[in-house]
Amino acid sequence: MSLQDKLTAMKDRFESNMAADTLAIMHRATSDLVRSGIMDQVLKVGMGAPQFMLPDQEDRIVNSADLLEKGALVINFYRGVW
């Protein structure tokens with residue numbers, strides 16, 4: 001099973017447990033984002049990310065260029081604590 005098949009199955013299971021009105025709101029919000037043109041601004045597969053400086057988990061500023069000198073860089077974004 002491909003990664004895409006696994007992701008689709010996971011999404012289908014997630015959505016099957018949602019109330020119809022909640023699911024409709026979620027799909028409408030996704031459609032609104034796509035129509036906004038935001039997808040034209042995202043990095044495409046194989047593109048390098050611009051250099052950046054961000055706080056780490058201990059609130060220390062880190063520079064992506066410095067981290068890349070040590071090896072591959074994985075970045076995780078999350079929406080925060082609800």
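When the test is whether a residue is in a helix (DSSP H, G or I) and surrounded by 10 or more Cβ atoms within 10 Å (Cβ to Cβ), LEU33 passes it.
Just one residue in the set ASN63, ASN17, ASN76 is in contact (Cβ under 8 Å) with a residue 12 or more places away in the chain and of a type outside the set (A, V, I, L, M); that residue is ASN63.
When you scan region 65-78, how many residues do you find that are more than 18 Å from the chain's Cα centre (by Cα) and closer than 19 Å to LEU43 by Cα? Walk me through it before giving the result.
If we filter region 65-78 for residues that are more than 18 Å from the chain's Cα centre (by Cα), which is where we start, we get 65-72.
This time we only want the ones that are closer than 19 Å to LEU43 by Cα, so: 65, 68, 72.
Of the residues in region 65-78, 3 are more than 18 Å from the chain's Cα centre (by Cα) and closer than 19 Å to LEU43 by Cα.
Looking only at region 10-21, decide whether some residue is surrounded by 10 or more Cβ atoms within 10 Å (Cβ to Cβ) and either in a loop (DSSP other than H, G, I, E, B) or aromatic (Phe, Trp, Tyr) (or both). Checking region 10-21: at least one residue is surrounded by 10 or more Cβ atoms within 10 Å (Cβ to Cβ) and either in a loop (DSSP other than H, G, I, E, B) or aromatic (Phe, Trp, Tyr) (or both).
Readers should treat all values here as calculations from the given coordinates under stated rules, not as data from a laboratory. Small disclaimer: the values here were computed from a predicted structure and weren't measured. Using ideal geometry, Cβ is built from the backbone for each residue, glycine included, and neighbour counts are taken over all protein chains shown.
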